[in-house]
Amino acid sequence: MRRQANTCGRPLLLAAALLLAAAAPARAEDESAGSPGEWLTQFSTARVLGLGGACVATPADALGVLWNPAGLSLMDQNQLSFENTRLYEDTGINSVSFAVPGSRLPSFGVTMIALRSGEFQRTNELNDALGTFQEGETAYLLTLAHNLTPRVALGANFKVVEQRVEDERGTGMGADLGGVVSLTPTLRAGLAVANLGGPTLRLRETDETYPVVVRGGLALSVYGGRGLIAAQVDRSDGLGTRFHGGAEYWILPAFGLRAGYAEEGASGGISYRFRQQYQIDYAAVDRPLGVTHRVGLSLRFGGFFASAQADPEAFSPTGEHPVTRLALNARTKASSQQWTLEIVNKSDTVVRRFGGQGKPPAHIEWDGKDETGLPLADGFYQYRLLVTDRDGRIVASSPRTVEILTSGPDVQVPVIPAQ
């Protein structure tokens with residue numbers, strides 16, 4: 001879609017303001033829409049949009065530094081993330097981020113986010129067509145985060161923002177600060193302040209400074225880590241006070257659902273994990289300016305982790321394979337203090353538990369019996385390895401499934417009638 005702009009006066013600044021007003025996720029009637037940097041301040045990834053924008057206390061991923069840079073300290077594995085956002089009138093945002101969790105050294109990450117418009121139609125004062133031009137803004141962030149204690153972490157973003165409108169270009173620098181506190185094993189609080197000291201950008205004679213944004217919120221883990229409830233409040237001079245809330249639940253280890261609500265409207269999203277290290281996120285929200293869609297892809301590898309793998313994945317205590325061998329592996333930020341491997345039935349009841357001090361062994365064997373030594377019924381059982389380090393941090397493997405199958409396969413013997 002092409003839009004018209006007169007080249008007299010300050011048409012480039014006017015065009016940029018119109019673009020930002022269209023791209024911003026605020027309500028169309030909100031007079032603050034299009035304030036400096038709102039495209040970056042209100043940007044949401046697919047996961048965050050699905051949570052209604054409530055992410056300041058749940059930022060444990062590479063792109064989470066946009067809401068709270070301290071979140072990198074919560075990550076266990078290296079992560080590479082990509083996001084694509086389709087907004088309005090050919091406007092879109094693309095982002096890429098890479099983060100590495102630290103132990104003795106701080107965690108660090110690098111991020112790039114780029115806003116690109118469709119085409120504006122340029123005209124003179126007589127409304128003669130003079131071609132087209134585009135508007136774009138790009139933000140580059142360097143993030144450092146570190147645990148002061150096992151329960152408290154601080155982080156900072158150092159960012160450079162560049163804006164281009166036709167031949168005009170402006171560049172500014174700023175910083176964000178954030179903190180995360182684990183109040184209990186399941187409840188976390190987050191606080192972040194964005195745009196400290198800028199950025200301030202100038203196109204021609206006009207300076208535009210991003211307003212300071214303060215975010216605070218809580219996140220509660222429920223159902224043994226499978227569910228999450230989050231709430232957040234944002235405050236800035238340009239956007240006022242805004243409330244966000246959302247929930248997440250992993251129905252299966254590979255499939256999760258999200259629902260959220262903010263003043264701009266309700267949102268929803270889904271996630272799918274495959275091969276353990278890959279995750280696809282999708283979210284959509286219907287706002288007065290139209291429906292926006294977000295798609296994200298992330299890759300997790302290395303870092304700090306726990307893993308468990310049964311071989312074979314189906315065995316028979318009375319057959320050819322009387323036991324299954326579970327290979328265990330883990331890497332923790334501090335030295336491992338203790339480990340636990342729990343096997344649960346379809347009712348989420350623990351039927352067998354293995355554990356010990358220090359690092360887990362390379363493997364253990366399970367004969368299909370419960371804690372009392374009695375054979376368990378045929379069926380599927382889930383197992384998960386948890387390892388705690390000396391600072392109280394826990395790494396957990398993804399839940400996996402093993403099957404007990406004592407009865408042999410059904411065999412049909414053909415009956416041949418006598419001749």
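If Lys and Arg each add +1 and Asp and Glu each add -1, what is the summed charge of the other residues whose beta carbon sits under 12 Å from the beta carbon of Gln337?
With Lys, Arg at +1 and Asp, Glu at -1, the net is +2.
Under 19 Å Cα to Cα from Lys333, which lysines show up? Leave out anything in the same chain fewer than 8 places away.
Cross-link targets: Lys359.
Could you give the length gained by full extension between Ile364 and Glu313, i.e. 0.36 nm per residue of separation minus their alpha carbon distance, to one decimal place? Don't jump to the answer; show the numbers that get you there.
Values: separation 51, 0.36 × 51 = 18.36 nm, distance 1.40 nm.
Taking 0.36 nm per residue and subtracting the Cα distance, the gain is 17.0 nm.
If you take the square roots of the eigenvalues of the alpha-carbon gyration tensor of the range 164-306 and sort them as a ≥ b ≥ c, do you get rounded (a/c under 1.5), prolate (a/b over b/c) or oblate?
prolate
So, by mean Cβ neighbours within 10 angstrom, what's the order for 91-103, 72-84 with the highest one leading?
Taking the mean over residues of other Cβ atoms within 10 Å, the ranking is 72-84, 91-103.
Check cross-link reach from Lys369 to the lysines: straight Cα distance under 21 Å, and skip same-chain residues fewer than eight apart.
Lys346
Taking the Cβ of Gln232 as the centre, find all other residues whose Cβ is under 15 Å away and add up their charges (Lys, Arg: +1; Asp, Glu: -1).
Combined, the nearby Lys, Arg, Asp and Glu give +2.
Quick one: divide the alpha-carbon radius of gyration of the range 305-404 by 2.2 N^0.38 Å and tell me what you get.
1.07
Throughout, read-outs are computed from the coordinates displayed, never taken from laboratory work. These numbers come from a predicted model, not from an experiment. FYI the Cβ positions are ideal-geometry reconstructions off the backbone, even for glycines, and counts take in every protein chain you see.
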